[in-house]
Amino acid sequence: MSDRKIYLDNNATTRVDPRVLDEMLPFFCEKYGNPASRNHAFGWESEEGVDIARDRVASVIGADAKEIIFTSGATEGNNIAIKGVAAMYGEKGKHIITQVTEHKAVIDPCKWLEQHGFRVTFLPVQKDGRISMDALREAMTPDTILVSIMHGNNEIGTLQPIAEIGRLCKEKSVLFHTDCCQTFGKTPIDVNAMGIDLLSCSGHKIHGPKGVGALYVRRRNPRVRCEAIIHGGGHERGMRSGTLNVPGIVGLGKAAQLCAEGIKNGEVDRIRGLRDRLIDGILSQLDETYLNGHRTERTPNNVNISFAFVEGESMMMGFPEIAVSSGSACTSASLEPSYVLRALGVGDDLAHSSIRFSLSRFTTQEEIDHAVNRVVTAVRRLRQMSPLYEMAQEGIDLKEVQWAHH
Ligand SMILES: *Cc1c(COP(=O)(O)O)cnc(C)c1O
């Protein structure tokens, strides 16, 4: 067991499910037509593959197939949604609302718009990672055209009250976009019941291939329009030109279908059970250890824990066979604490002491039990070497200590 690698970094990317690969393979060397070729069988069989995928993706979120735009991933989907809506509705208003803990694929397009005549409100979050509905309501002005709030956070797993946000947006006639990379196929989503106008998702977060994703764009009540970012050929209702990535799209469709089954057949419940086993296993054996994000309103596969007095990167060296992420982001020059953890009010020290574990349908209970043991052992060993931890154990309040300065 100890020499087997364990992958607990599924919020970064996932293994392609073999059933997805099987579905994709014929679309490389046999069914290789261009789905835009309407006058021969090669085109038709490709188009059929794309149509099936479109139906499958749409049905995961209660949408109509015509409302699905295939993209190169969620980064592109978020860009089309945010910049495309800004370009199309910029006459109506120039204000956008998002939150500080969004993925960079939402934050950066919003920052770009700030440099091009738009005003953006970045809402703060509470300790559990949720926005305040009152703050959202107060931020809305007659100039607001779009709210972009993600469903599940990729670092801390916190789920936002999407249906409530959708209801408020409808009441104010503001468009609502949500980045659902971490919840699509893991948490039930219904674009109509939740008042969602635009939704992005990505293949490689759901055991599909990399480089493919989908954007849902509502067609009625209201009919939403996005200015294109990529021009040429008018594919995908003019919102995303370019020959379709047929094998990728077919894979995304199959991955979506398998996820939808997983919500119904208990697979997601099993993953959630393992998530809780991991959380309880660690928190019950280690003191000064804190779960980040919301305890229950969180994605079924995410665990994010701060281990006081140990540095995340050193901890990870203690269990090299387990793939996880730390709460530090390597920027060009230094190790920066995660901006998401910071936004929760987690101090820099604790942010650097954080580890994200993210599970998948391929995660086993044996792997979780192994991970719990390895983490507990590594943290205990590092703490034994920490004078600060020893002082804290002796009841010394570290904030009160007068350190000698040199
Ligand atoms: C992975 C991820 C993205 C980016 O998706 P790509 O398909 O890799 O471009 C955007 N938002 C969230 C929340 C993600 O987890």
For this session: Of the conditions (1) assigned to a loop (DSSP other than H, G, I, E, B); (2) on the phi < 0 side of the Ramachandran plot, CYS259 clears all except one; give me its number.
Result: (1)
For this session: Would you mention how many residues in the range 274-330 are assigned to a helix (DSSP H, G or I), small (Gly, Ala, Ser), touching a helix residue (DSSP H, G or I) at 6+ places or on another chain (Cβ under 9 Å) and open to solvent by 10 Å² or more (accessible area, probe 1.4 Å)?
Result: 2
Exercise. Within the range 140-192, restricting attention to residues that are over 17 Å from the mean Cα position of the chain (by Cα) and within 24 Å of THR14 (Cβ to Cβ), which residue is surrounded by the most Cβ atoms within 10 Å (Cβ to Cβ)?
Worked result: VAL191
Exercise. For the range 158-198, which residues satisfy the criterion of being of a type in the set (A, V, I, L, M, F, W, C) and part of a strand (DSSP E or B)?
Worked result: LEU159, LEU175, PHE176, LEU198
Exercise. Hey, any hits in the range 377-390 for a residue that's within 30 Å of GLY262 (Cα to Cα) and surrounded by 19 or more Cβ atoms within 10 Å (Cβ to Cβ)?
Worked result: no
Exercise. Of THR98, THR121, THR71, which residue is closer than 14 Å to SER202 by Cα and either in the same structural domain as SER241 (by TED's automatic domain parsing) or modelled with pLDDT under 95 (or both)?
Worked result: THR71
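Identify all residues within the range 99-129 that are open to solvent by 60 Å² or more (accessible area, probe 1.4 Å) and either within 15 Å of the ligand (Cβ to nearest atom) or out of contact with any strand residue (DSSP E or B) (no Cβ under 8 Å at 6 or more places or on another chain) (or both); write none if there are none.
Of all residues in the range 99-129, those open to solvent by 60 Å² or more (accessible area, probe 1.4 Å) come to 103-104, 108, 111-112, 114-116, 119, 124, 126-127.
HIS103, LYS104, ASP108, TRP112, GLN115, HIS116, GLN126, LYS127 - these are the residues of the range 99-129 that are open to solvent by 60 Å² or more (accessible area, probe 1.4 Å) and either within 15 Å of the ligand (Cβ to nearest atom) or out of contact with any strand residue (DSSP E or B) (no Cβ under 8 Å at 6 or more places or on another chain) (or both).
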For this session: Output yes when any residue across the range 242-258 is open to solvent by 10 Å² or more (accessible area, probe 1.4 Å) and either under 17 Å from ASN78 (Cα atoms) or among the acidic types (Asp, Glu) (or both), and no when none is.
Result: no
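With out of contact with any strand residue (DSSP E or B) (no Cβ under 9 Å at 6 or more places or on another chain) and at pLDDT 95 or above as the only criterion, which of GLU267, GLU321 stands out?
Values: GLU321 fails: out of contact with any strand residue (DSSP E or B) (no Cβ under 9 Å at 6 or more places or on another chain).
That would be GLU267, the only listed residue that is out of contact with any strand residue (DSSP E or B) (no Cβ under 9 Å at 6 or more places or on another chain) and at pLDDT 95 or above.
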Exercise. Here is a list of conditions, (1) in contact with a helix residue (DSSP H, G or I) (Cβ under 8 Å, 6 or more places away or on another chain); (2) open to solvent by 70 Å² or more (accessible area, probe 1.4 Å); (3) in contact (Cβ under 8 Å) with a residue 24 or more places away in the chain, and GLU261 meets all of them except one; can you say which number that is?
Worked result: (3)
Seminar exercise, completed: Given the conditions (1) open to solvent by less than 80 Å² (accessible area, probe 1.4 Å); (2) in a helix (DSSP H, G or I); (3) more than 16 Å from the ligand (Cβ to nearest atom); (4) over 30 Å from ALA329 (Cα atoms), every one holds for VAL20 apart from (3)
Problem set entry | Neighbours by Cβ (under 6 Å, 6+ apart or cross-chain): first from the range 45-63, of a type in the set (D, E, K, R); second assigned to a helix (DSSP H, G or I) | ARG54/ALA65; ASP55/ALA65; ARG56/GLY253; ARG56/ALA256; ARG56/GLN257
For this session: Please enumerate the residues belonging to the range 193-241 that are free of Cβ contacts under 8 Å to residues at least 60 places away in the same chain, surrounded by fewer than 16 Cβ atoms within 10 Å (Cβ to Cβ) and either under 17 Å from TYR89 (Cα atoms) or within 16 Å of the ligand (Cβ to nearest atom) (or both).
Result: ARG220, ASN221, PRO222, ARG223, GLY238
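The values are calculated or read from the model by the stated rules, or taken from the named source; none is laboratory data. Keep in mind it's a predicted model, so treat the numbers as computed, not measured. In this analysis, Cβ positions are derived from the backbone assuming ideal geometry, glycine residues included, and neighbour counts consider all displayed protein chains. Accessible surface areas use protein heavy atoms only, side chains included; no ligands, DNA or RNA. Shrake-Rupley method; radii C 1.70, N 1.55, O 1.52, S 1.80 Å.
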